[in-house]
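The values are calculated or read from the model by the stated rules, or taken from the named source; none is laboratory data. What you see is a predicted model; the values in this text were computed from it and never measured. Note that we place each Cβ from the backbone using ideal geometry, even for glycine, and neighbour counts take in every protein chain shown.
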Amino acid sequence: MVENLSQLNRHYDGQGYFVIRDYFNAAEISAIREVILKFHHSWKQDNEYFYQEEAFNSSLITGSQYLSFDDRVKLFNFISSKKLMTLIDSVIPSNPAFMNTQLFFDPVNRQQKDFWHRDCQYDYDVEGQKKIIHETQVLHLRVPLFDEHGMELVPGSHKCWDNDEEYNVRQEENGSVSSDDLSTGKKIKLAAGDLLVFSADMIHRGLYGLDRLAFDILVFDSSANYVDYVDDDCLPDKSMLDKIDDPRLYINTLHLKSMS
Ligand SMILES: O=C(O)CCC(=O)C(=O)O
């Protein structure tokens, strides 16, 4: 795979994503799944009403609320493992920084439909979105823990503004809703062991079904102003840093925090 790094990079640059099949072996997935399931179980108990009514994801998985020291270290070591750092360094060559983690699952309420969006639309108005897609990149690395329908993406939209159909659907204008199909959408089915890397600002939606559980890692370019999005509790402390094989991703974030 690593011999294909420049090919993957070119694919990301042009299309806004790449997928690597069978990137993780069964033992790697089973080890990470065990930790994540502990988190998910406790999170659901603690957020019962939200989970039953409307949730489709949780976040802050590396935080101290639900996982032990040892389990958090396992997660940190997985996120900054050589396998993932090779790809992260390739897409964000200078000082990539850890932002957060999210866990995506099927909403209990089956009426809820999977919906198109760009992540930046929740922080920027339309003019801001037009600008930001050309300026910075936040990277999502999706690790499906079970086979799932995967994601639907609009290739190239990480650098290209919406056409009329995409805009109306994503912004729910002119009678469209965000769960409408898009003629430009490309479905990427994923199996446990696969890895999908995609730009958070491209037009995308998760595809619900199959009782999915997908672990998403978010990483950003240190030159972009995202450090305020990082929760201190989700970062390793000094005693954990000593147990992380390659802590650069976290040290870069800690460094940005210390300057903000
Ligand atoms: O899987 C989902 O439900 C949505 C995923 C998503 O929007 C994201 O990872 O930013």
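Just one of the listed residues (D22, D13) is in contact (Cβ under 8 Å) with a residue 60 or more places away in the chain and either touching a Ser or Thr at 6+ places or on another chain (Cβ under 9 Å) or surrounded by fewer than 19 Cβ atoms within 10 Å (Cβ to Cβ) (or both), and it is D22. In this structure, is S6 exposed (fewer than 13 other Cβ atoms within 10 Å of the Cβ) and assigned to a helix (DSSP H, G or I)? Yes; evaluated as a whole, the condition is true for this residue. Filter segment 228-247 for residues that are farther than 18 Å from Q137 by Cβ and in a helix (DSSP H, G or I) and give the result. Within segment 228-247, D232, D233, C234, K238, S239, M240, L241 qualify. Residues in segment 179-194 that are farther than 16 Å from R33 by Cα and not hydroxyl-bearing (S, T, Y): D180, D181, L182, G185, K186, K187, I188, K189. Residues that are touching a strand residue (DSSP E or B) at 6+ places or on another chain (Cβ under 7 Å) and without any contact (Cβ under 8 Å) to a residue 60 or more places away in the chain within segment 58-77 comprise S58, S59, listed in sequence order. Residue pairs whose Cβ atoms lie under 7 Å apart, separated by 6 or more positions or on different chains, with the first residue in segment 233-250 and in contact (Cβ under 8 Å) with a residue 60 or more places away in the chain and the second among the charged types (D, E, K, R) and surrounded by 15 or more Cβ atoms within 10 Å (Cβ to Cβ), are M240/R72.
Look at segment 208-222: where a residue is among the hydroxyl-bearing types (S, T, Y) and a partner is within 10 Å of the ligand (Cβ to nearest atom) and part of a loop (DSSP other than H, G, I, E, B), sitting 6+ places away or on another chain with Cβ atoms under 6 Å, you get Y208/D106; Y208/D114. Among the numbered conditions (1) modelled with pLDDT of 95 or more; (2) within 16 Å of the ligand (Cβ to nearest atom), the only one that N109 does not meet is (1). State whether the residues of segment 11-21 include one that is assigned to a helix (DSSP H, G or I), closer than 26 Å to H204 by Cα, within 16 Å of the ligand (Cβ to nearest atom) and among the aliphatic types (A, V, I, L, M). There is no residue in segment 11-21 that is assigned to a helix (DSSP H, G or I), closer than 26 Å to H204 by Cα, within 16 Å of the ligand (Cβ to nearest atom) and among the aliphatic types (A, V, I, L, M).
Rundown of residues vs (1) hydroxyl-bearing (S, T, Y); (2) out of contact with any helix residue (DSSP H, G or I) (no Cβ under 8 Å at 6 or more places or on another chain), yes/no style:
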| position | (1), (2) |
| --- | --- |
| A55 | no, yes |
| S68 | yes, yes |
| V73 | no, no |
| F76 | no, no |
| S80 | yes, no |
| V91 | no, no |
| M99 | no, no |
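The C-beta contact set for segment 141-165 (first residue touching a residue at least 40 places away in the same chain (Cβ under 8 Å), second residue of a type in the set (S, T, N, Q) and assigned to a loop (DSSP other than H, G, I, E, B), distance under 7 angstrom, 6+ apart or interchain) comprises V154/T184. Restricting attention to segment 68-82, does a residue exist that is surrounded by fewer than 17 Cβ atoms within 10 Å (Cβ to Cβ) and assigned to a strand (DSSP E or B)? No, segment 68-82 contains no residue that is surrounded by fewer than 17 Cβ atoms within 10 Å (Cβ to Cβ) and assigned to a strand (DSSP E or B).
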